[in-house]
Amino acid sequence: MAYTSNGATIEADEEGYLVNINEWTESLADQIAKDEGIALTPEHWEVVNFLREYYSEYQIAPAVRVLTKAIAKKMGADKGNNKYLYELFPYGPGKQACKIAGLPKPTGCV
């Protein structure tokens, strides 16, 4: 599988996760989100950017439980809960948000 962004072909695995996370761009995130049926809002970007910072610090994509707790700690309980995150990313805040953020599939996601 591959995405096309700004005239470049970006390789992805069979599930749509980037092979090389360094090829991620915001326009590629928009493309992946569109393929997932999501129009990115500032609330989506808040989670995507949080995930990228988290990955940069810990070198791992967090599972949904860890993601929820970490977001609650940084952004408050109104955003750090499953209901809010699933409204933004209906196919799973871990899997779907990490894919849009250009990160590997979180550990423990099926």
Any idea what % of Cα-Cα pairs in the chain are farther than 17 Å? 48 percent
Under-5 Å amide H pairs with residue 61, H placed in peptide plane, nonlocal only: 107
Quick one: 3J(HN,Hα) in Hz for region 100-106, Karplus 6.51/-1.76/1.60 with θ = phi - 60°, rounded, Gly and Pro as x. 5, 6, x, 9, x, 4, x
Crossing angle, helix 26-35 versus the chain [Cα axis fit, 0-90 degrees, rounded to tens]: 90 degrees
With all protein chains present, the chain has a carbon and sulfur share of its accessible area (1.4 Å probe) in percent of 51 percent
Hey, what D do you get for region 65-110 in µm²/s if you plug the Kirkwood alpha-carbon radius into Stokes-Einstein at 37 °C and 0.692 mPa s? 307 µm²/s
Under the 7 Å Cα-to-Cβ spin-label approximation, residue 26 and residue 82 lie apart by a distance in nanometres of 3.3 nm
Hey, which lysines would be in cross-link range of residue 74, C-alpha to C-alpha under 21 Å, not counting anything within fewer than 8 residues on its own chain? 83, 95
Counting other Cβ atoms within 10 Å of each Cβ, which GluC sites (Glu not before Pro) in region 3-110 have at most 11 and sit in a DSSP loop? 14, 15
The answer for residue 5, listing residues at least 5 apart or on another chain whose modeled amide H is closer than 5 Å to its amide H, is 10
In region 1-53, what is the volume of the convex hull around the alpha carbon atoms, normalised per residue and reported in Å³? 79 Å³
Tilt, helix 42-58 to longest principal axis of the chain (alpha-carbon atoms), in degrees rounded to tens, equals 90 degrees
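The values are calculated or read from the model by the stated rules, or taken from the named source; none is laboratory data. This structure is a prediction, so every number in the text was calculated from the model and none was measured. Here Cβ is always computed from backbone atoms with ideal geometry, including for glycine, and neighbour counts include all displayed protein chains. Heads up: the accessible areas ignore ligands, DNA and RNA and are worked out on the full protein's heavy atoms, side chains in. Shrake-Rupley method; radii C 1.70, N 1.55, O 1.52, S 1.80 Å.
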